[in-house]
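Trainee: I'd like to ask you about the structure that follows.
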Amino acid sequence: YLLVYLALRDKTEHSIDPFCGTGTIVNAMMAIKTEDNIPGATVLETTWGSDKFAFPIQVAAMAMFSPENIGRLMKIFTSDVLSLKTGKGIKFIDPASGKETIVKLPLFSVIVSNLPFINSAQIPELNAAVWDKITSFYGKYKVDNEIRLSQRSDFYAYMPFVLYDLLASNGTLGIITSNSWLSTEWGVNYRMLLRKFYNIDYVLVSANGRWFKSADVVSTILVCSKKEKDNVPND
């Protein structure tokens, strides 16, 4: 809830959790929009969740269900984050008609997620394609070699840049990560690259150890705002 409250600035615009798992953050987005008196139809229309694995998506869809949502389309779907791009058609089953319908991914005003904790040694086995994705990003935005991420970077370090083109102008990215970027050698380039493409609004670090009993890392919350492309510095 704290993460969503900090990141969800315009509650009427599209928001997504691209690593939604069983839907904890998606449900927080829906609850906070509802508390701000956004109509239920608009809440469902603007709240999205995706995950690479099908089983948690089924759980997330059940968690989002409520009687007032009967017959309404819930935008929860299975997809690897690396394949997401604005304008891509996502297949859903319309609950009102039972027929397949395709909805195009919009630009998102807010992207909020608890990112997976995958260290650099695990990337080749779990999602090596992220290196091709970040290389394309470097080429598109002419990122100097001096500030490119080391391949020793943890998986989450690539995500602000993988997700950059999904964010609308001045959109907000709110993520939970480990605190490794604050103290590691590769974290130096991560911070420089982050400041090149985002304005850093909040960094919240726990003063009381781990937040998640199931994870052997100390977590941080990072909330930042996308810089306009014309304002991204060249140096």
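The values are calculated or read from the model by the stated rules, or taken from the named source; none is laboratory data. Computed from a predicted structure; not experimentally measured. For neighbour counting, all protein chains shown are included, and Cβ atoms are generated from backbone atoms with ideal geometry for every residue, glycine included. The protein model used for the area step is the full one, side chains on, heavy atoms only, and it has no ligands, DNA or RNA in it. Shrake-Rupley method; radii C 1.70, N 1.55, O 1.52, S 1.80 Å.
Trainee: What's the number of the condition residue 20 fails, among (1) open to solvent by 40 Å² or more (accessible area, probe 1.4 Å); (2) in a loop (DSSP other than H, G, I, E, B)?
Mentor: Result: residue 20 passes all but (1).
Trainee: All but one of (1) at pLDDT 95 or above; (2) open to solvent by 20 Å² or more (accessible area, probe 1.4 Å); (3) not polar (S, T, N, Q) hold for residue 95, so report the exception by its number.
Mentor: Every listed condition holds for residue 95 apart from (1).
Trainee: Considering only residues of segment 53-83 that are touching a strand residue (DSSP E or B) at 6+ places or on another chain (Cβ under 6 Å) and at pLDDT 90 or above, which is surrounded by the most Cβ atoms within 10 Å (Cβ to Cβ)?
Mentor: 76
Trainee: Taking the condition of being open to solvent by 10 Å² or more (accessible area, probe 1.4 Å) and either β-branched (Val, Ile, Thr) or under 13 Å from the mean Cα position of the chain (by Cα) (or both), how many residues in segment 23-42 meet it? If you could, list the steps in order and put the result at the bottom.
Mentor: Here is the first cut: in segment 23-42, the ones open to solvent by 10 Å² or more (accessible area, probe 1.4 Å) are 24-25, 27, 30-31, 34-42.
From what is left, the residues that are either β-branched (Val, Ile, Thr) or under 13 Å from the mean Cα position of the chain (by Cα) (or both) are 24-25, 34, 38, 42.
Counting residues in segment 23-42 that are open to solvent by 10 Å² or more (accessible area, probe 1.4 Å) and either β-branched (Val, Ile, Thr) or under 13 Å from the mean Cα position of the chain (by Cα) (or both) gives 5.
Trainee: Write out, first by first residue and then by second, each pair whose Cβ atoms fall under 9 Å of each other, whose residues are 6+ apart or on separate chains, and whose first residue, in segment 102-118, is free of Cβ contacts under 8 Å to residues at least 24 places away in the same chain and farther than 10 Å from residue 19 by Cα while the second is part of a loop (DSSP other than H, G, I, E, B) and of a type in the set (S, T, N, Q).
Mentor: Cβ pairs passing all conditions: 104/86.
Trainee: Given the residues 103, 110, which is the only one that is part of a strand (DSSP E or B) and under 19 Å from residue 197 (Cβ atoms)?
Mentor: Details: 103 fails: under 19 Å from residue 197 (Cβ atoms).
Being part of a strand (DSSP E or B) and under 19 Å from residue 197 (Cβ atoms) holds for just one of 103, 110, which is 110.
Trainee: Would you mind stating whether residue 86 is modelled with pLDDT of 90 or more, in a helix (DSSP H, G or I), open to solvent by 30 Å² or more (accessible area, probe 1.4 Å) and farther than 19 Å from residue 175 by Cα?
Mentor: Numbers: modelled with pLDDT of 90 or more: yes; in a helix (DSSP H, G or I): no; open to solvent by 30 Å² or more (accessible area, probe 1.4 Å): yes; farther than 19 Å from residue 175 by Cα: yes.
When the stated conditions are applied, residue 86 does not pass them.
Trainee: Would you pick out the residues in segment 89-99 that are of a type outside the set (Asp, Glu) and in a loop (DSSP other than H, G, I, E, B)?
Mentor: The initial filter retains those residues of segment 89-99 that are of a type outside the set (Asp, Glu), namely 89-93, 95-99.
Result: 95, 96, 97, 98, 99.
Trainee: Using the structure shown, decide if residue 118 is at negative phi, in contact with a Leu (Cβ under 7 Å, 6 or more places away or on another chain) and at pLDDT below 95.
Mentor: On the way: at negative phi: yes; in contact with a Leu (Cβ under 7 Å, 6 or more places away or on another chain): yes; at pLDDT below 95: yes.
Yes.
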